[in-house]
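Reviewing the structure listed below.
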Amino acid sequence: MMSKNFSPYAAYLVFIAVVFISCKPTVESSLIADQDKEALAGNAVDYFGPLKVSGNRIVDSHDQPVQLRGMSFFWSQWKGKYYTNQTVNWLKNDWYCNVVRAALAVEAGGYLTNPDAEKEKVFTVIDAAIEHGLYVIVDWHDHHATDHEKEAKIFFAEVAKKYGDKPNIIYEPFNEPLQISWSSKIKPYHQAVIDTIRTYDPDNLIICGTSNWSQDVDIAANDPLTGTNIAYTLHFYSGTHKQSLRNKATVALNKNVALMVTEFGTTDASGDGQVNTSETEKWFAFLDEHKISWCNWSVADKVESSAVLKPRASATGDWLPSELTQSGTFIRAKIRSQNQRFE
Ligand code: MG
């Protein structure tokens with residue numbers, strides 16, 4: 001029974017305590033339930049097989065639409081410490097990722113300066129993805145790739161020769177073009193790199209960046225590339241890009257091109273600022289509706305809110321829940337709730 005002098009403030013504290021106690025076990029039990037998710041035999045690449053483009057969808061070897069969900073690594077020259085076999089394995093086993101993205105830095109001390117060192121990091125991730133059965137996006141992480149066409153062709157020729165017979169590989173020849181012409185600048189670059197890749201690999205997916213930081217998918221859809229298994233890159237950051245960008249994506253889908261979100265953040269376009277979970281949920285609803293695959297930016301311990309790891313988190317996985325950022329906790333839960341779990 002409540003005493004006569006029980007203050008409203010004390011009542012408020014009791015209310016908060018009751019809410020806290022009643023919520024806490026729910027959170028813990030949902031994590032336990034997640035861990036009990038039944039594991040399928042094999043791995044994601046065995047399960048879906050070689051991917052293709054069919055109309056405005058990516059489809060599996062049974063021509064069924066497939067939606068991949070996973071993580072993008074950060075610029076290789078700055079956070080290359082995470083480009084390890086163990087991190088890829090952890091992202092599969094603990095996050096249930098079925099795709100990762102290796103972001104080969106090109107400028108700013110990247111491949112143009114240290115081709116062998118940067119390439120080796122990407123090859124480590126590719127080899128790990130093949131070993132553990134994930135798809136891997138090989139991303140030429142550049143904002144000025146039209147200035148580096150020769151180098152891009154050399155790199156992608158090497159990747160296609162070495163790995164083109166593996167269903168795991170997805171090529172991404174141009175991360176984020178800036179505000180330059182699709183038809184006169186970006187499209188000819190892609191067509192040249194596609195021709196090089198197709199010399200050695202006739203079939204794996206090639207996802208092509210679009211103007212305005214890979215947002216102008218509607219412009220690309222008006223003047224599409226020629227070739228098979230070609231799709232277009234859509235990037236968004238939930239704090240900045242909202243319904244108007246989803247509308248552009250809808251225009252592109254209605255022109256019958258396939259899209260892939262090779263990179264998105266839960267934050268502002270800077271990669272920092274508040275984590276906007278409500279707008280990200282709107283994006284997830286859109287991506288789920290249209291079966292659009294995605295990778296979240298990024299596997300990094302940089303002090304910025306889009307990074308999924310807190311500073312000094314291990315470079316070999318085994319991350320504790322307390323080592324994940326707000327965005328990392330949110331994204332991990334999303335992937336675990338929707339992706340199949342494999343042994
Ligand atoms: Mg192939």
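The values are calculated or read from the model by the stated rules, or taken from the named source; none is laboratory data. Because the structure is a prediction, the values reported are computed rather than measured. Accessible surface areas use protein heavy atoms only, side chains included; no ligands, DNA or RNA. Shrake-Rupley method; radii C 1.70, N 1.55, O 1.52, S 1.80 Å.
Expressed as a whole number of Å, what is the distance separating the alpha-carbon centroids of segment 154-175 and segment 233-285? With segment 233-285 and segment 154-175 each reduced to a Cα centre, they are spaced 26 Å. For Thr277, the accessible surface of its heavy atoms amounts to roughly 50 Å² (probe 1.4 Å, protein chains only, rounded to the nearest 10). Against the main long axis of the alpha-carbon atoms of the chain, helix 149-163 sits at an angle near 80°.
What relative contact order, as a whole-number percentage, does the chain give when Cα pairs under 8 Å and 6 or more residues apart are counted?
Details: 689 pairs, mean separation 70.4, N = 343.
So the answer I get is 21 percent.
To put it simply, the accessible area of segment 297-340 at a 1.4 Å probe is 56 percent carbon and sulfur.
The calculated pair-distance distribution of segment 196-289 uses every alpha carbon pair, bins of 10 angstrom beginning at 0, and gives 16, 45, 27, 10, 1 percent.
Against the chain, whose longest principal axis comes from its Cα atoms, helix 187-200 is set at around 80 degrees. If each Cα of segment 34-74 is one equal point scatterer, what is log10 of I(q)/I(0) from the Debye formula at q = 0.32 Å⁻¹? Evaluating at q = 0.32 Å⁻¹ gives log10 I(q)/I(0) of -1.07. Projected over every direction and averaged, the convex hull enclosing the alpha-carbon atoms of the chain yields 19.4 nm².
With everything on Cα atoms, drop me the angle between helix 277-289 and the longest principal axis of the chain, reported from 0 to 90° to the nearest 10. On a 0 to 90 degree scale, this one is about 50.
How large a share of the accessible area of segment 115-261, in percent, is made up of carbon and sulfur atoms when the probe is 1.4 Å and the other protein chains stay in place? Intermediate values should be presented prior to the final figure.
Numbers: 2520 of 5150 Å².
Carbon plus sulfur share of accessible area: 49 percent.
Provide the gained length on full extension for the span Lys185 to Ser270, in nm with one decimal, where the gain is 0.36 nm per separating residue minus the Cα-Cα distance. Could the numbers behind the result be given before it?
Values: separation 85, 0.36 × 85 = 30.60 nm, distance 2.53 nm.
Working it through step by step, the gained length comes to 28.1 nm.
Computed with a 1.4 Å probe on the full set of protein chains, the accessible area for Thr113 sits at about 90 Å². Solvent exposure of segment 78-145 amounts to 29 Å² per residue of accessible area, where only protein heavy atoms count and the probe is 1.4 Å. Accessible surface computed residue by residue for segment 271-343, with neighbouring protein chains in place and a 1.4 Å probe, gives 42 Å² per residue.
Full-extension gain between Ala117 and Lys242, please, as 0.36 nm times their residue separation minus the C-alpha to C-alpha distance. Walk me through the numbers on the way to the answer.
Details: separation 125, 0.36 × 125 = 45.00 nm, distance 3.77 nm.
Stretched out fully, the Ala117 to Lys242 stretch lengthens by 41.2 nm.
Computed with a 1.4 Å probe on the full set of protein chains, the accessible area for Asp46 sits at about 110 Å².
Under a 1.4 angstrom probe, counting protein chains only, how are Glu343, Glu176 ranked by accessible area, largest first? Please report the intermediate quantities before stating the final value.
On the way: Glu343 135, Glu176 20 Å².
Putting Glu343, Glu176 in descending order of accessible area: Glu343, Glu176.
Comparing mean-square fluctuations of Pro202, Pro177, Pro321 from a GNM of the chain with C-alpha springs under 10 Å, the top value falls on Pro321.
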